[in-house]
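The values are calculated or read from the model by the stated rules, or taken from the named source; none is laboratory data. This is a predicted model, so every value here is computed, not measured. A quick note on method: Cβ atoms are made from the backbone with ideal geometry, for glycine too, and the neighbour counts reach across all protein chains shown.
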Amino acid sequence: MDPVAAKYIGAGLACLGMGLAAMGVGNIFGNYLSGALRNPSAADSQFGRTFIGAALAEGLGIFALVVALVLLFVA
Amino acid sequence: MAANPIEQFEIKNLIPLGNIGGQEIAFTNSALFMVGAVALITLGFSAATAGRSLVPGRAQAAAEMLYEFVANTLRQSAGEKGMKFFPFVFSLFMFVLTCNMLGMIPGFFTVTSHVIVTFALAILVIGTVIVYGFVKHGTHFLGLFVPSGVPAWLLPFMVVIELISFLSRPISLSLRLFANMLAGHVALKVFAGFIVALGGLAASGGMTGVLGVAGAALPLAMAVALTAFEFLVAFLQAYVFTILTCIYLHDALHPGH
């Protein structure tokens, strides 16, 4: 296969990884919301931790973006 | 014409300072904004807390809020013994937050959008953890890689896995901040390019011109939403960098799970 074509295909596959990371982030907030609806008094105390978890999950999606960008523009 | 979205990250040599061993040294735009961030933080905090009133005014209250925010984060993650790292953690948080926020101003350079900058900060954090761990606990620090309650036959694999996960910390710490800043600014530039490209259709006049200008409202709305999102991400990434630093410092203070 032509290496340039392979790079573009690889970049597209990396973006699939970003979609999976988005599912992970949605999972965290969904769990927070369902817990907050059951126990509203505990919601405020865990709000910060929710964002930490979301940032960590989002980080992996961003790593996939970096792979795509490296494939497209660097190598 | 739509500008190249990568151009905004270009390092420009502002004041050449000769060279060391063949590597050209210069005062760059990145260095300028780093100095600007530090000056902003120092002068801002000095001016805000100069009054030292018991009942704080607005500026002093804002400074105290930032102080307490980081102090509570460090105290919760690393305990009371971790508070000796507070100057380090606070400086780190304020520097990353200010650099991220300065980058949001149009025309300003985002210092943290270069992986070498975030990597230097991450190596500083992990270096502090390793050096402090070995100074305080000696070889007991290596107990960090031996989780308790693991059967003996599994232990070699667990140690290797724990070691790899520890060594991946500076990489993930730096890459998270860098990639978030890079991706955000590239996306902003791309949507801004769309606005210009669609609005530029107005030059061709007639129906396409009208449709072009009307259609340019869509990427404009997206760019506004993305800018708001980027402000949130700037703050969130500074907070995540800080809290992960606090967690890693907790590992240095109390090795062994």
>> Suppose we keep only residues that are buried (at least 16 other Cβ atoms within 10 Å of the Cβ) and within 13 Å of chain B (Cβ to nearest Cβ) within segment A:29-51. Which one would you say is modelled with the highest pLDDT?
In response: A:Thr50
> What number goes with the only condition from (1) away from chain B (no Cβ under 11 Å); (2) under 23 Å from B:Ser168 (Cβ atoms); (3) without any contact (Cβ under 8 Å) to a residue 24 or more places away in the chain that A:Ala14 does not pass?
Replying inline: (3)
> Only one of (1) at pLDDT below 95; (2) more than 12 Å from every other protein chain (Cβ to nearest Cβ) is not met by A:Ala54, so which one is it?
Replying inline: (2)
>> Give me the residue from segment B:44-78 that is of a type in the set (Ser, Thr, Tyr) and surrounded by fewer than 16 Cβ atoms within 10 Å (Cβ to Cβ) and, out of that set, nearest to B:Cys246 (Cα to Cα).
In response: B:Tyr67
> How many residues does segment B:171-186 contain that are more than 10 Å from chain A (Cβ to nearest Cβ) and either over 9 Å from the mean Cα position of the chain (by Cα) or of a type in the set (Asp, Glu) (or both)?
Replying inline: 1
> Looking at B:Thr49, is it within 14 Å of chain A (Cβ to nearest Cβ), of a type outside the set (Lys, Arg) and either over 20 Å from the mean Cα position of the chain (by Cα) or on the phi < 0 side of the Ramachandran plot (or both)?
Replying inline: no
> Can you tell which of B:Leu92, B:Leu173, B:Leu167, B:Leu142 is modelled with pLDDT under 90, more than 22 Å from B:Ile11 (Cβ to Cβ) and not basic (Lys, Arg)?
Replying inline: B:Leu142
> Listed residues B:Gly82, B:Gly36; which is surrounded by 16 or more Cβ atoms within 10 Å (Cβ to Cβ), at pLDDT below 95 and not in a loop (DSSP other than H, G, I, E, B)?
Replying inline: B:Gly82
> Which of (1) modelled with pLDDT of 90 or more; (2) away from chain A (no Cβ under 13 Å); (3) out of contact with any Ser or Thr (no Cβ under 9 Å at 6 or more places or on another chain) is the odd one out, the single condition B:Val213 does not satisfy?
Replying inline: (1)
> Looking at this structure, is B:Ser168 within 14 Å of chain A (Cβ to nearest Cβ) and exposed (fewer than 13 other Cβ atoms within 10 Å of the Cβ)?
Replying inline: yes
> In segment B:1-13, which residue that is over 19 Å from B:Thr112 (Cβ atoms) and surrounded by 13 or more Cβ atoms within 10 Å (Cβ to Cβ) is farthest from the chain's Cα centre (by Cα)?
Replying inline: B:Ala2
>> Exactly one condition in (1) in a helix (DSSP H, G or I); (2) touching a helix residue (DSSP H, G or I) at 6+ places or on another chain (Cβ under 9 Å) is false for A:Met1; which is it?
In response: (1)
> Hey, does segment B:220-242 have a residue that's touching a residue at least 24 places away in the same chain (Cβ under 8 Å), away from chain A (no Cβ under 14 Å), in a helix (DSSP H, G or I) and of a type in the set (S, T, N, Q)?
Replying inline: yes
